[in-house]
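Here the structure is laid out as structure tokens; the discussion comes afterwards.
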Amino acid sequence: MKFNCFHCRKEIEISDDLLSESIVCPHCQSNVSVPKTHVGDEELSSPKAFFLQSWFSNSFSGLVSLIVHMCLMLMLAFVTCDLRGGRGEGDEVLIGELPDVNLSDDANEELDSADEQAAPAEEEVLEEALDIVTPPSQDTSSDVVEVNLSQLVPSGAIGGEGMEIGSLGGGGGGGGGSGASFMGLSATGSRFCIIADRSGSMAGPKLDYVKTEILETLTTMGRRGRFQLIFFNDRALPYPEEGWRNPTKDRTAVEDWLKTVSSGGGTSPVPAFRQAFLLSPRPDAIFFMTDGLFPAQAVGQIANLNQSGKRVTIHTISFMDRSSEQLMKQIATDSGGKYRHVSGF
């Protein structure tokens, strides 16, 4: 049979026993696969038929190689490329919606209003931060405190009666932002009224000591605390600035005013309590001190005044003289307050 060489296209003649065998082309010395079946010379001599026959015979190994290489490339791609669609690495970030912004002509007015509303809140936070550090409170377990009056400077520095305010060591001591103390008694709240005796028996170092205790209370009171002062003898002598006062802003003015307060007259605390209960809002606590005896009916009168509105806790202090001790204890008991006696030697 005859057929054309796939490589050089020249005619090759072979015997039938070489069918399906591989021979060497005598013309180009290339390996050529002989067709498996006998075909006519015309069919084998046709380039198209010969091409198809040779391609199927000689390219099987090439096809296998191509498939193997494609599989290797796909495997390499899966190894080197992360095709997983999971969550990406990194911290999760939540994005919220921004508030609507008003770009109208009134925007500046709205911003000013917001600043005004935020200012009190910021001031309160600042005051709370400043009130964190508070002086240590004194032990009030005992109801007697010894005060050595021999250590007090003789009178004559204040209105002809006493020493300069601020030169005495105070025995009071205050609270933080939610309390205050006076002459060793502590109270909770934010509004405090001190009712102090200035009768004739308080002349000299005793009145000076009480004035120093008042200043000590203002110094140690929390910045959110507010105060009011009322001295009394036969009549009430309130601090001239009305309403609740700021202990920090008013301290200098109070110190100047205390220098003008002198002793004299009798002992009648009811007018001073009447003034205290007229404060609006009412005090959270009243500190009431005296060094002498006062009319017994004052106890009931003070209780009636207290019952006319929100009950106010009254802490009582007898100073140097125990003659009013039972009356002072009763006033404290009626209002839920505490009693203490401060004595000297």
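Could you run through the range 259-289 and say how many residues are under 38 Å from the mean Cα position of the chain (by Cα) and part of a helix (DSSP H, G or I)? Break it down stepwise before answering.
Within the range 259-289, the first condition is being under 38 Å from the mean Cα position of the chain (by Cα), and the residues that meet it are 276-288.
In the following step, the residues that additionally are part of a helix (DSSP H, G or I) were identified as 276-277.
So the count comes out to 2.
Taking the range 201-258, which residues are in a helix (DSSP H, G or I), surrounded by fewer than 24 Cβ atoms within 10 Å (Cβ to Cβ), within 32 Å of the chain's Cα centre (by Cα) and of a type in the set (S, T, N, Q)?
Correct list: 219, 220.
Residues checked against (1) in contact (Cβ under 8 Å) with a residue 24 or more places away in the chain; (2) touching a strand residue (DSSP E or B) at 6+ places or on another chain (Cβ under 9 Å); (3) surrounded by fewer than 21 Cβ atoms within 10 Å (Cβ to Cβ):
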residue	(1), (2), (3)
298	yes, no, yes
304	no, no, yes
320	yes, yes, yes
328	yes, yes, no
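Taking the range 295-325 on its own, how many of its residues are in a loop (DSSP other than H, G, I, E, B), of a type outside the set (Val, Ile, Thr) and under 11 Å from residue 337 (Cβ atoms)?
The total comes to 1.
Give the residue, chosen from 292, 309, 300, that is assigned by TED's automatic domain parsing to the domain that holds residue 225 and under 45 Å from the mean Cα position of the chain (by Cα). Give the derivation first.
Working: 292 fails: under 45 Å from the mean Cα position of the chain (by Cα); 300 fails: under 45 Å from the mean Cα position of the chain (by Cα).
So the residue among 292, 309, 300 that is assigned by TED's automatic domain parsing to the domain that holds residue 225 and under 45 Å from the mean Cα position of the chain (by Cα) is 309.
The values are calculated or read from the model by the stated rules, or taken from the named source; none is laboratory data. This structure is a prediction, so every number in the text was calculated from the model and none was measured. Here Cβ is always computed from backbone atoms with ideal geometry, including for glycine, and neighbour counts include all displayed protein chains.
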